[in-house]
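To start, the structure itself, in structure tokens.
Nothing in this text is a laboratory measurement; each read-out follows from the coordinates by a stated rule. Source: prediction; values computed, not measured. Backbone-built Cβ (ideal geometry, glycine too); neighbour counts: all protein chains shown.
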């Protein structure tokens, strides 16, 4: 019988090779820059790459919720906050657990731990909304975002309020006192780029696995047709809750990485606007696939950096961007790419399946 | 006793403001099945327009009020006409419409910030005799009473409009069944557009009424909106009278907690009660239809 | 013991009694028809049996176990699968993906395997795909495996819905107006398919308007009108039953 599956198989390996190749290229460029082989050493690009990586992680997580499960959250900045503040409070030498006399954890542990905590909170948060009409989740997430902001802003004893927390410890991999890997570099984020890229790669592989599995299909089913999914044996409430928890995990990890990169956190980063920025990145790049969120993070971060002078207009521009994307190209850049390749005879159109 | 009356009045003021917003949510939800996140910022924008007219250009208050209401009606109408209707025609999924309202909300908020700046603005007294009124042992400002009275009047007017006038009835009909309504000769596009317009007017009214008692700033909308959602959920999302009851409840709750417990915790209590209702009684006080499974 | 036992089933929508005190049972291996004029409540009965609505009164038993009020996905796991009056496919994904989701409750690996693509995952996925292919072949659309569901013709979509319902190995298959919109040839093929389905050991409960189709393949029929049962028996008996004739053709004159 004609093995269409073989054809898809080779396509899969080709795409994997391509993805690995792009990663390797990025790493190579960064290493060459650092060693002055390629362009003058411009430290700022490392920071930019870190931001792009972090936002890619967050947006990929939100994609699991929105692009695959079709649920919407307007408060994921709350999980960003949990990841960031949680990791800082667990690992800081003066704030958080240190105040209670407990030895702080190294950040290499506290970041993933807070990712799991964020996932747990996400599951608890979305559980009541999973049985109800879909906009209840939106309301709940808005309230959640507000609450997280209020918590970190209004309890100075815990989080130093609006002043924020400085001297966030750097990320190192240490065993029995000996430092194996050091991602610090206060002056340049060169080594941190590798950490972010490694985490991004791992989480992207995880996302790919989830999407191609029974779990991923259950999410796609509830996105496509909730009633039919119900009738096919998909536990709707569970699929919604699990997808929310996974997205919270990703965003929580991203928050932790951000905190330890910048070395400083304050409540301003975790307002409602940040949630809107995540959504803008996701929709702009294209949801429901692997590359869209990364593209979105890439482009929007560049836009943000290029238009530093228009800082005040930032949210207005994002809002308009978002509206334009929704009205004219809801499939985002990836959708645009697909329809262009469709014009040239490829398999165009948006097949938002498990691929 | 004095504090009690003050807190009560303050709570009613807040409750009425939330009510204006929540009514908008219910109207739009009933008419089109969508959530509209722009209401909060429309409230803020309306308040700013009134500020511009009344304070900056010194136009008499009544005319300033009327002017801002008319402007906001058209803003609401145009949002529906050019954004929502377009998405509905494309048969876009629910999420995209909601996202579009979020985008609109962001645009309105930041437009206001750019036009009027980020400082808080204050209304001078609306009355030539600004001395407060005595109710029992307490003193209450005239603006607060105006807010409550006008808001309640507006709700009554809305009730009459929806139930006793021909257009209001056609709006209700279209909300229940678009196809049948259009077969009866009702122009469904007009009624839905009007619904959005009325919701915007209510939001604007809420803003203009509450602004003299508080302040105007571009962040006013978001703050009030989140809590008015709590009111809408508690009263029963989508239910017109539920919206009012829930909002009054939330307004009073917030003010009482703020006064007698602690100012820092009042927001938590409000959201906490909302979550409690979502978990234990999602239908709210007035038994709205909320289950999807 | 009957496979499906419906006792005193009732449901009310805001005061409108859509189904009242309905009693019938379906034996294992039967092809059972549920007919009646428009608005008689047939799809409502389906919706209650499959779990979409919770009845206001009465009980539904599957193999002796009470299932009324359970969630749809729980009932699917217990062995009831259905098709819909208006086609309810997962439109934007491929036919194969539709079939994979259809088997959701029968796939034995869990979350860990999903995350890390273990050996169990690979084996289960392979088996699932093979089963999907086999069922697609059984209903007659094996070549459409990779196409988007919405790209299929109307007749093929109906077959896909049936295939998707079958692939979860149900003991009872609910077909909601499966012949709607089909031409006579397609209807004949469908009738043959239903008989083949019965040969596989699946009991069939079928709602249909096309009398020739229903009389041709069913063993017993229950006739509804205004939410109440007015007759129950073999096709031959129904054709002669005065109440049935009256319900369809109207009384008087």
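Brief remarks on what is shown
- Cα gyration tensor, region A:20-273 - rounded (a/c under 1.5), prolate or oblate: oblate
- GNM result for chain B, Cα springs below 10 Å: residue of B:225, B:203, B:22 fluctuating most strongly: B:225
- Global geometry of region A:234-329, whether rounded, prolate or oblate, following the gyration tensor of its Cα atoms and the 1.5 cut on a/c: oblate
- For chain C, the longest principal axis of the Cα atoms and the long axis of helix C:154-166 meet at an angle of about 80 degrees.
- Annotation: average projected area of region C:1-143 is 11.3 square nanometres, based on the convex hull of Cα atoms across all directions.
- Tilt relative to chain B, helix B:94-116 - C-alpha long axis, 0 to 90 degrees, to 10: 40
- Ranked by the mean number of other Cβ atoms within 10 Å of their residues, highest first, the peptides B:211-217, B:230-236 fall in the order B:230-236, B:211-217.
- Ellipticity at 222 nm from helices only: DSSP H runs of n ≥ 4 in chain A, each -39500 (n - 2.57), divided by the residue count, give -22500 deg cm²/dmol.
- Rounded Å value of the spacing that divides the Cα centres of region B:156-178 and region C:191-228: 46
- In degrees, nearest ten, helix C:119-139 long axis to first principal axis of chain C (Cα): 40
- With R₀ fixed at 45 Å, the C-beta to C-beta distance from residue A:17 to residue A:324 puts the FRET efficiency at about 0.80.
- Rounded Å value of the spacing that divides the Cα centres of region B:38-109 and region A:260-319: 25
- The Rg/Rh ratio of chain C, with Rg taken over Cα atoms and Rh as the Kirkwood radius over Cα pairs, comes to 0.99.
- Convex hull volume of the protein assembly as shown per residue (C-alpha atoms, cubic angstrom): 207
- Computed from the Kirkwood radius of its Cα pairs, the Stokes-Einstein diffusion coefficient for region C:155-253 at 25 °C and 0.890 mPa s stands at 167 µm²/s.
- Look at the stretch A:276-284: the mean tally of other chain Cβ atoms within 10 Å of its residues' Cβ atoms is 2.
- A simple packing score, the average count of other Cβ atoms within 10 Å per residue, orders the peptides C:140-150, A:254-264, B:173-183 as A:254-264, C:140-150, B:173-183, with the highest score first.
- Protection proxy ranking for A:121-134, C:228-241, B:105-118, using the average of other Cβ atoms within 10 Å per residue and placing the highest first: A:121-134, B:105-118, C:228-241.
- Counting neighbouring beta carbons within 10 Å and listing from fewest to most, the residues B:53, A:100, C:190, B:42 come out as A:100, B:53, C:190, B:42.
- Look at C:99, B:3 and count the other Cβ atoms within 10 Å of each Cβ; fewest to most, that gives B:3, C:99.
- The alpha carbons of region C:91-169 give a radius of gyration and a Dmax of 12.9, 39 Å, in that order.
- Across peptide C:112-118, the mean count of Cβ atoms from other chains lying within 10 Å of each residue's own Cβ comes to 5.
- Its relative contact order, with pairs defined as Cα atoms under 8 Å and 6+ residues apart, puts chain B at 36 percent.
- Helix content alone sets the calculated 222 nm mean residue ellipticity of chain C: runs of n ≥ 4 DSSP H residues at -39500 (n - 2.57) each, divided across all residues, give -12000 deg cm²/dmol.
- Using a Förster distance of 30 Å, the FRET efficiency for residue C:226-residue B:86 (Cβ separation, nearest 0.05): 0.10
- For the peptide A:209-221, the mean number of other protein chain Cβ atoms found within 10 angstrom of a residue's Cβ is 6.
- Relative contact order, whole percent, for chain A stands at 28, derived from Cα pairs under 8 Å and 6 or more residues apart.
- Stretching residue C:245 away from residue C:38 to a fully extended chain increases their span by 73.1 nm, per 0.36 nm per residue minus the current alpha-carbon distance.
- Fraction of C-alpha pairs exceeding 25 angstrom in region B:20-219: 41 percent, rounded to a whole number.
- Mean-position separation - Cα centroids, region B:222-251 and region C:65-128, in angstrom: 39
- Three-way shape call for region B:1-104 based on the alpha-carbon gyration tensor, with the a/c threshold at 1.5: oblate
- Helix-only CD estimate at 222 nm, as mean residue ellipticity for chain B, using -39500 (n - 2.57) per DSSP H run (n ≥ 4): -23000 deg cm²/dmol
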